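One structure below.
The values are calculated or read from the model by the stated rules, or taken from the named source; none is laboratory data. As the structure is a computational prediction, the values presented were derived from the model and not from experiment. Virtual Cβ from ideal backbone geometry, glycine too; neighbours counted across all protein chains shown.
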């Protein structure tokens, strides 16, 4: 039944197709080869002719698009605005006239003084003569004292002409001013310029492990500042005999800068030294006369009436004793002083202010000096190689050089024999109780404690606390 229906539909389609072909026979006859009918009853299409037709159509569309689109885009673009140009005046540098002279920079040659050199040696080394030095001296006038006593490390600047002649000379008149002598003008001239000086505060803390100088170096202090620290406390501490491992110090001091460059050491502002558990302090204070001094917390001067040791020594060769075998005489006898071994020529200083009572030769003592300090106290110095310039009856100040270490008299080596006498009786210089200096007057003492001690003591206390905290937090040193 189904097959019959299918056959009937197929016969109807063929009838409709034949009817259409008869009605449009002229069209089918003309384009019969364009047929896409894949039926085997119809002849296949010719693909090469169809490919050409399609390719031509695509090319035509592409060309039309390339021409029409740019024209349309140009038509839609707005008309361009005319460019506006603005003229701005520019300031041009002025052209120097041909006659203008460009200033030149002076070529100063710096010379540093070496040990043993004199100013004439320095001038000779630059190819100059004594006549040039005399010209500088004549022009310098009142500034010449700075040229008479030159020291190693000082600097002098020379300005020389192309022919080697001296055109200028520059030197430090003092630490805060520079003098410039010019010899290249119509008349010789000198100009003094002030230098930019400023102080920069430093803080250091050290612990004695081997020596004071080693501890100072580890704390960042140079040898000169360590020396100032020792000088400050030398009246209370014998830094050869009394120093112990574990002693410590804290120092607030100034460094001096000139023209932005470190120039040297300033002064100690405040210091604390712990020696064998004993605490010593020193504070700088400006007195009513304008001078500075260092005082302990109770307002007494650090500088005592007498030096405990009047010479820089290497060791104590003999102590104060009631009975000692004399190294030369071979006899038991009292040694009523202290012998400080030191190289020949080491300066000997007056232990305190006083008057020269004796200066000359004394049996056993050799070259001998006695200084009377007051009605009861005198000091004696023996075995000097030579005396200084002081005469009998002349007043001397504490620290003034009165002679030099030697081995005159009965001595086996160069040393100073030093005696401290009270009412003519020798006492042990190392243990004798020295008179305490008087404190500042009441008004100055109040200012000293309020303006100096309180703020500086607070700083020292804070520094000590920070140092102790840092040590407590430091990792343990596990050395195997």
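Points worth noting:
- Restricting region 199-213 to residues that are in contact with a strand residue (DSSP E or B) (Cβ under 6 Å, 6 or more places away or on another chain) and surrounded by 13 or more Cβ atoms within 10 Å (Cβ to Cβ), the residue that is nearest to residue 179 (Cα to Cα): 199
- Picking from residues in region 234-257 that are at pLDDT below 90 and surrounded by 16 or more Cβ atoms within 10 Å (Cβ to Cβ), the one that is farthest from residue 435 (Cα to Cα) is 239.
- Test: residue in region 119-132 that is surrounded by 19 or more Cβ atoms within 10 Å (Cβ to Cβ), over 18 Å from residue 106 (Cα atoms) and out of contact with any helix residue (DSSP H, G or I) (no Cβ under 7 Å at 6 or more places or on another chain): yes
- Restricting attention to region 228-240, the residues that are out of contact with any strand residue (DSSP E or B) (no Cβ under 7 Å at 6 or more places or on another chain) and more than 18 Å from residue 205 (Cβ to Cβ) total 5.
- Positions within region 397-451 being in a loop (DSSP other than H, G, I, E, B), under 40 Å from the mean Cα position of the chain (by Cα) and farther than 21 Å from residue 234 by Cα, in sequence order: 441
- Any hit, region 137-149, residues being within 27 Å of residue 115 (Cβ to Cβ), in contact (Cβ under 8 Å) with a residue 60 or more places away in the chain and assigned to a loop (DSSP other than H, G, I, E, B): no
- Tallying residues that are exposed (fewer than 14 other Cβ atoms within 10 Å of the Cβ) and touching a residue at least 24 places away in the same chain (Cβ under 8 Å) within region 223-233 yields 1.
- Matching residues in region 432-458 - criterion: being closer than 30 Å to residue 339 by Cβ and surrounded by 10 or more Cβ atoms within 10 Å (Cβ to Cβ): 432, 434, 435, 436, 437
- When residue 260 is tested against (1) modelled with pLDDT under 90; (2) over 21 Å from the mean Cα position of the chain (by Cα); (3) on the phi > 0 side of the Ramachandran plot, only condition (2) is not met.
- Looking only at region 168-194, residues that are surrounded by fewer than 16 Cβ atoms within 10 Å (Cβ to Cβ) and out of contact with any helix residue (DSSP H, G or I) (no Cβ under 8 Å at 6 or more places or on another chain) come to 10 in all.
- Any chance residue 216 is farther than 29 Å from residue 148 by Cα and loosely packed, with under 14 Cβ neighbours inside 10 Å: no
- Among the conditions (1) closer than 15 Å to residue 136 by Cα; (2) assigned by TED's automatic domain parsing to the domain that holds residue 237, the only one that residue 167 does not satisfy is (2).
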